[in-house]
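As structure tokens, the structure follows; a few thoughts come after it.
The numbers here are math on the coordinates, done by the rules we state, and not lab data. Computed from a predicted model, the values in this text were never measured in an experiment.
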Amino acid sequence: MKKLKEHLSVNLILIPLVFIILMIFDFGGNHNFVYGRFYKNSTVTADETIVTKITEQTPNSLTIVFTNNGNVDWVYSNSYSIEIFDKDVWCVVPFAENVMFVEIAYVLEPNQTVTKTYSLKYHTLYAGHYRLVVGSSITEFDIK
């Protein structure tokens, strides 16, 4: 009986521990190990009708001009993600802090432009090739 209690108490500790480890690393998806951390592979594809141009890049921000060269309105919001190119795939870089976005739908009509600035200070970024993803638009940039 004593051995059974010991066996059960060990399993009651190990089973949740293994579950927590699996949840942290999300082994069910595709990942890369970059700069000592796991990053989930990106599945984003760009809308080719939305053309972007970086007008200013500082260590803390990117200012981008978006141009809608399509025939329909482009809808986007305040949220964005940053991805790093590593081992021939794009990987999502997690935010370094808890960040929340006010979700407002913006509309960029055909043949119109808009300028937006995005913060880089909420990510831990090392030298490398990155891209900023806003809705269906993608803007690539480098950090040296």
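For the range 135-144, putting each phi into the Karplus relation 6.51 cos²θ - 1.76 cosθ + 1.60 with θ = phi - 60° gives couplings of x, 9, 9, 10, 10, 8, 7, 10, 10, 9 Hz, in residue order, rounded to whole numbers and with x for Gly and Pro.
Expressed per residue, the C-alpha convex hull volume of the range 37-143 stands at 100 Å³. Diffusion coefficient of the range 79-140 by Stokes-Einstein, Kirkwood radius over Cα pairs, 25 °C, 0.890 mPa s: 184 µm²/s. Cross-link partners for Lys53 among the aspartates and glutamates, with Cα-Cα distance under 14 Å and sequence neighbours closer than 8 places in the same chain left out: Glu140, Asp142.
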